[in-house]
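The structure appears right after this line, and notes come after that.
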Amino acid sequence: GLLWLAYEHTGEDKYRKLAEKNVLSFKNRVDNNIEIDHHDLGFLYSLSTVSAYKLTGSEVAKEASIKAADKLISRYQEKGEFIQAWGELGSKDHYRFIIDCLLNIPLLYWASETTGDNKYREMADKHFVTSCNNVIRDDASAFHT
């Protein structure tokens, strides 16, 4: 994401070229399921591949972003209406979410807007409500898990 910010701020092609290399790396990760079994996909891909798509119109970046959103919603727990943070899906030791998961739902809103598929938005909305009802305290502080 920092490279795209540098490119956007300076317009210097050197930043764009480096950022485009990162897009290929992020696409490779999501295509080959390399270290993507966690909730951090939202902020990783929003800042890299979504930014790339918005700034350049790259179809490679768009495809990687949508695949990342698909992987993120695969972590959605229907019964609890939340995105499981990490670990084996549904495992007793890892069946939970953390406040940080909220940083990942913008990817789902983007995917819904870009694809026209409301499933992303619906899961993001439900996760948001679950977070507000269970992690945010009355004084506006938050539990981590």
(request) Using only Cα atoms, find the angle between the long axis of helix 105-115 and the longest principal axis of the chain, and express it within 0 to 90 degrees, rounded to the nearest 10. (result) 60
(message) I'd like the Karplus ³J(HN,Hα) series for region 54-62: coefficients 6.51, -1.76, 1.60, θ = phi - 60°, whole numbers in Hz, and an x wherever there's a Gly or Pro.
(response) 5, 7, 10, x, 4, 5, 5, 5, 4
(request) Pull up all non-local amide H partners of Ile98: gap of 5 or more, or a different chain, and H-to-H distance under 5 Å with H placed in the peptide plane. (result) Ala85
(request) Give the range of the longest stretch in the chain that excludes all trypsin sites (Lys or Arg not before Pro) found in loop regions by DSSP and having at most 11 other beta-carbon atoms within 10 Å. (result) 1-78
(request) Could you pull out every residue, at least 5 positions away or on a different chain, whose amide H is within less than 5 Å of the one on Gln77? Hs are placed 1.01 Å off N in the peptide plane, and Pro or chain starts have none. (result) Phe82, Ile83, Gln84
(message) Please check: in the Gaussian network model of the chain (C-alpha springs, under 10 Å), which one of Ile66, Ile99, Ile34 has the largest mean-square fluctuation.
(response) Ile34
(message) Helix-only estimate, please: 222 nm mean residue ellipticity of the chain, summing -39500 (n - 2.57) across DSSP H runs of length 4 or more and dividing by its residues, to the nearest 500.
(response) -17500 deg cm²/dmol
(message) My understanding is that a pair violates if its Cα-Cα distance is over 26 Å; which of Lys71/Lys92; Lys27/Lys79; Lys54/Lys79; Lys92/Lys126; Lys14/Lys54 do that in this structure?
(response) Lys27/Lys79; Lys54/Lys79
(request) Enumerate the amide H contacts of Ala142 below 5 Å, restricted to partners 5 or more residues apart or on another chain; note that Pro and chain-start residues carry no placed amide H. (result) Arg137
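Read-outs throughout are calculated quantities, based only on the coordinates presented, and are distinct from any laboratory measurement. What you see is a predicted model; the values in this text were computed from it and never measured. With ideal geometry, Cβ positions are generated from the backbone for all residues, glycine too; neighbour counts draw on all protein chains shown.
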